Amino acid sequence: MKELMQKLREASIRAILESENVETLEALRVKYLGKKGELTGILRQMGKLSAEERPAMGQLANQLRQDIESAIEARRNELQSAMMEKKLEQESIDVTLPAEDLRIGHKHPMYSVLDQIKDIFIGMGFEIVDGPEVELADYNFTKLNIEDSHPSREWTDTFYFKDDSSILLRTQTSPMQVHAMETKPLPIRMIAPGRVYRKDEVDATHSPMFHQIEGMVIDKGVTMADLKATLNLVVEKIYGEGTVTRFRPHHFPFTEPSCEMDIQCHKCGGKGCPTCKGQGWIEVLGAGMVHPKVLAGCGIDPEVYSGWAFGMGLERLAMGEYKITDLRLIFENDVRFLEQF
Ligand code: PHE
């Protein structure tokens with residue numbers, strides 16, 4: 001029996017060392033150590049041994065089992081690291097291969113329109129300024145002469161952060177007028193584009209977030225004529241020379257007098273069509289002369305200085321320029337839509 005075990009030891013160790021992969025190794029484990037394996041076969045013959053011989057043989061058999069097991073384990077480790085090395089070799093990157101095509105996007109159509117507008121104003125000596133979207137009610141309303149009972153202050157219209165209505169998401173870019181007047185040396189020529197927020201349900205013409213461009217000039221002797229001339233010039237640059245505008249009286253708490261500017265429909269020339277909803281005119285912006293109260297509140301003497309301001313919606317401008325009929329398309333960022341521009 002001792003001899004049988006010695007033979008098994010030699011045969012099994014050799015086979016294990018020669019095995020080429022983990023599958024054959026596993027087959028060998030079954031062959032030698034499995035329930036119906038060769039070692040078990042030998043142990044079955046223990047019954048034929050005398051009681052004195054048995055313990056020594058049992059010990060030998062156990063030692064053999066352990067040795068075969070550790071030989072298998074050692075070979076398994078060897079095979080596995082060889083496999084890993086081979087894999088790494090095969091998967092190494094060939095740096096001489098041509099690179100994959102890079103997918104480069106392009107500017108969002110609305111931001112192309114914004115760039116165009118920025119260029120126009122920069123060309124006229126304006127500065128582009130940026131300001132907070134989280135704003136104090138003081139700046140969004142109070143310093144703009146918007147009284148406490150004004151409907152735009154309602155909780156149903158405005159996103160507030162605190163119960164006391166002191167901090168909010170700005171509902172317009174007009175607080176940038178105040179920031180500029182409080183911090184910049186005079187004279188001021190600036191535009192301030194950015195996001196604004198109102199509690200509106202999403203539909204084809206509404207979104208709780210949209211963009212405005214605020215514009216403002218403060219200097220000595222600035223008049224409504226400057227406002228009209230500047231805006232007419234901007235409109236001609238955007239919509240083409242000879243574009244006709246009209247200024248309608250309007251009311252804003254922070255400008256006096258106030259107006260809204262329309263452009264004559266560039267599609268039908270004022271006759272009335274679907275683009276202008278049969279009106280012949282398209283409303284573009286709100287504007288006016290900065291209210292003396294607002295100037296004084298920012299520490300500017302309204303007897304010495306005057307100025308004008310306007311605010312326009314960027315989405316509407318982009319929709320007009322690119323003939324986009326649904327506001328949602330601008331924000332959904334569906335590449336199939338954006339690729340068209
Ligand atoms: N902030 C105004 C609005 O959101 C627009 C505006 C800006 C009007 C500047 C006058 C002057 O409707």
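The values are calculated or read from the model by the stated rules, or taken from the named source; none is laboratory data. Just so we're clear, the structure is a prediction, and the values are computed from it rather than from any experiment. Here the Cβ positions follow ideal geometry from the backbone for every residue, glycine too, while neighbour counts run over all protein chains shown. Keep in mind that these areas ignore ligands, DNA and RNA; they rest on the heavy atoms of the full protein, side chains included. Shrake-Rupley method; radii C 1.70, N 1.55, O 1.52, S 1.80 Å.
Computed quantities for the displayed model
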quantity: Nearest-0.05 FRET efficiency for Asp226 and Ala296, computed from C-beta distance (R0 25 Å); calculated: 0.75
quantity: Zone of Tyr322's modelled label, taken as backbone nitrogen in region 196-235 under 15 Å from a point 7 Å along Cα→Cβ; calculated: 211
quantity: Accessible-area order (highest first, 1.4 angstrom probe) of the listed residues Leu43, Leu314; calculated: Leu43, Leu314
quantity: Carbon + sulfur, % of accessible area of the chain - ligands and nucleic acids excluded, 1.4 Å; calculated: 53
quantity: Stretch in the chain that is longest and holds no GluC sites (Glu not before Pro) that DSSP places in a loop and that have at most 16 other beta carbons within 10 Å; calculated: 242-302
quantity: Cross-link pairs beyond the 23 Å C-alpha cut-off, checked among Lys7/Lys36; Lys184/Lys293; Lys228/Lys277; Lys162/Lys199; calculated: Lys228/Lys277
quantity: Size of charge dipole - the chain - debye, nearest 20, with Cβ of Lys, Arg +1 and Asp, Glu -1, no other charges; calculated: 1220
quantity: Span from the region 285-338 Cα centroid across to the region 168-243 one, whole angstrom; calculated: 4
quantity: Reachable aspartates and glutamates from Lys107, criterion Cα separation under 14 angstrom, eight or more residues apart if same chain; calculated: Asp115, Asp334, Glu339
quantity: Region 109-338 shape via C-alpha gyration tensor axes, a/c threshold 1.5; calculated: oblate
quantity: Gain on full stretching of the segment that runs from Ala74 to Glu52 - 0.36 nm per residue minus C-alpha separation; calculated: 4.4 nm
quantity: Qualifying chymotrypsin sites (Phe, Trp or Tyr not before Pro) in region 89-191, DSSP loop, other Cβ atoms within 10 Å at most 16; calculated: Trp155, Phe159, Phe161
quantity: Cysteines without a disulfide-compatible partner [the chain; Cβ-Cβ under 4.7 Å]; calculated: Cys259, Cys298
quantity: Percent antiparallel among DSSP beta bridges (both partners in the chain, rounded to 5); calculated: 95
quantity: Potential lengthening between Lys277 and Ile104 on full extension [0.36 nm per residue; Cα-Cα distance subtracted]; calculated: 58.5 nm
quantity: Listed residues Ser70, Ser165, Ser12 arranged by accessible area, highest first, probe 1.4 Å; calculated: Ser70, Ser165, Ser12
quantity: Residue-level accessible surface for Met83, protein heavy atoms, 1.4 Å, Å²; calculated: 110
quantity: Relative contact order [Cα under 8 Å, 6+ residues apart], the chain, whole percent; calculated: 14
quantity: Surface per residue (accessible, 1.4 Å probe) for region 2-90, Å²; calculated: 72
quantity: R0 of 41 Å, Cβ-Cβ distance Leu329-Lys86: FRET efficiency to nearest 0.05; calculated: 0.20
